[in-house]
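Q: Let me begin by handing over the structure; questions about it come next.
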Amino acid sequence: METNDLTARPPQIIAIDGPAASGKTTVGVELAKELGFLCLDTGIMYRATTWQALTDGLDPEDEAAITRLAESIEIDVLPGSVDDGRAFDVLINHQDHTWDIRKPDVNQHVSLISSYPGVRNAMTLQQRKIAARGKIVMLGRDIGTVVLPDADLKIYLDASLRVRAKRRYEEEKARGNAITYQSVVVSLRRRDKIDSSRKFAPLKIADDALVINTDALSVVQVVEKIKALIAARKSSLE
């Protein structure tokens with residue numbers, strides 16, 4: 001039996017959680033491609049809400065106003081239509097804002113806005129509807145614990161702050177953003193604190209998740225680890 005055969009009864013819903021810049025998106029996109037699944041990075045939904053709030057001139061600390069926006073905003077994720085490094089298109093109210101949601105001002109405010117219970121409730125409802133169709137790799141910080149607690153397979157990707165900051169710094173520089181490595185460290189440290197300490201749906205490892213530290217692993221190696229786990233679980237069912 002070939003352990004890398006993913007065609008026979010793979011998990012239909014895969015949750016991948018982890019802190020910022022731990023490799024969720026890169027790994028999730030590649031895994032979904034090999035499985036023939038949809039990859040949904042739920043973080044983009046919070047980024048989209050944050051970008052729209054800032055564009056509308058809303059105060060990021062005005063929880064009521066931000067919640068109303070989250071309940072009315074239309075966010076869609078489609079296969080990438082432009083060859084500019086994107087994994088998918090992000091549409092906000094039918095307009096392409098794929099790279100706008102990655103700007104530094106969004107990075108600065110997204111953790112606060114995503115901590116609001118009303119915002120998370122609004123996004124969770126959308127995420128569950130998408131997942132109900134099956135054949136999905138869903139990425140986030142509370143997928144395995146809150147959004148999809150019954151996911152067929154749960155993965156938690158982790159990495160040191162140093163490695164994550166280096167990755168994010170290189171990403172931002174490649175996009176032409178004026179940023180320093182130290183500012184990225186400060187931003188990630190602040191974001192980690194907010195994500196892990198919020199009262200509603202904090203970042204944490206699901207009890208039944210497989211933890212993979214990506215510090216010394218390439219994307220290919222991480223994907224291979226997950227594929228091996230999928231193959232092992234299939235074998236146990238056969």
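Every read-out reported here was derived from the displayed coordinates using simple, explicitly stated rules and does not represent laboratory data. Keep in mind the model is a prediction, meaning the values are calculated, not measured. Positions of Cβ are backbone-derived with ideal geometry, glycine not excepted, and every protein chain shown enters the neighbour counts.
Q: Take V82, V77 and order them by how many other Cβ atoms sit within 10 Å, fewest up front.
A: Details: V82 10, V77 19.
Lowest to highest Cβ neighbour count: V82, V77.
Q: Still on this structure, I have one more. Please give the peptides 105-115, 40-50, 127-137 ranked by average Cβ packing (other Cβ atoms within 10 Å per residue), highest first, as a rough proxy for protection.
A: On the way: 105-115: 20.7, 40-50: 24.5, 127-137: 16.2.
Result, highest mean Cβ count within 10 Å first: 40-50, 105-115, 127-137.
Q: Additional query: Using unit Cβ charges (K, R positive; D, E negative) and no other charged atoms, how large, in debye to the nearest 20, is the dipole of the stretch 1-101 about its Cα centre?
A: On the way: 6 positive and 19 negative charges, 69 e Å.
Using Cβ point charges on Lys, Arg, Asp and Glu, the stretch 1-101 gives about 340 debye.
Q: Which is farthest toward the positive dipole end of the chain among A165, V106, T67, measuring Cα position about the Cα centre, with Cβ charges +1 (Lys, Arg) and -1 (Asp, Glu)?
A: Positive-end residue among those listed: A165.
Q: Excluding same-chain residues fewer than 8 positions from K33, which lysines have a Cα within less than 17 Å of its Cα?
A: Candidates past the 8-residue exclusion: K24, K135, K225, K227.
Q: Sticking with this structure for a sec: For the chain, modelled as a GNM with alpha-carbon contacts under 10 angstrom, which of L188, L58, L139 fluctuates the most?
A: Highest fluctuation of the listed residues: L58.
Q: Largest first and in whole Å, what are the equivalent-ellipsoid semi-axes of the stretch 102-238 based on the Cα gyration tensor, each being the root of 5 times an eigenvalue? Working shown, then result.
A: Working: eigenvalues 152, 90, 36 Å².
For the stretch 102-238, the semi-axes come out at 28, 21, 13 Å.
Q: I would also like to ask the following. Using only the alpha-carbon atoms, how far is helix 63-72 inclined from the longest principal axis of the chain? Give it as 0 to 90 degrees, nearest 10.
A: Value to nearest ten degrees: 60.
Q: Give me the angle, in degrees from 0 to 90, between the Cα long axis of helix 117-131 and the longest principal axis of the Cα atoms of the chain, rounded to the nearest 10.
A: So the inclination is approximately 40 degrees.
Q: Also, quick follow-up: Which of (i) 17.4, 58; (ii) 18.0, 63; (iii) 18.4, 59 is the computed Rg and Dmax of the Cα atoms in Å for the structure on display?
A: Answer by label: (i).
Q: As I understand it, the value is the acute angle between the Cα axis of helix 161-174 and the longest principal axis of the Cα atoms of the chain; what does it come to in degrees, rounded to 10?
A: So the inclination is approximately 70 degrees.
Q: Count neighbours as other Cβ atoms within 10 Å of each site's Cβ, and list the GluC sites (Glu not before Pro) in the stretch 7-79 that are DSSP loop with at most 16 such neighbours. Working shown, then result.
A: Working: sites: E30, E34, E61, E63, E71, E74; in loops: E61, E74.
Passing sites in the stretch 7-79 are E61, E74.
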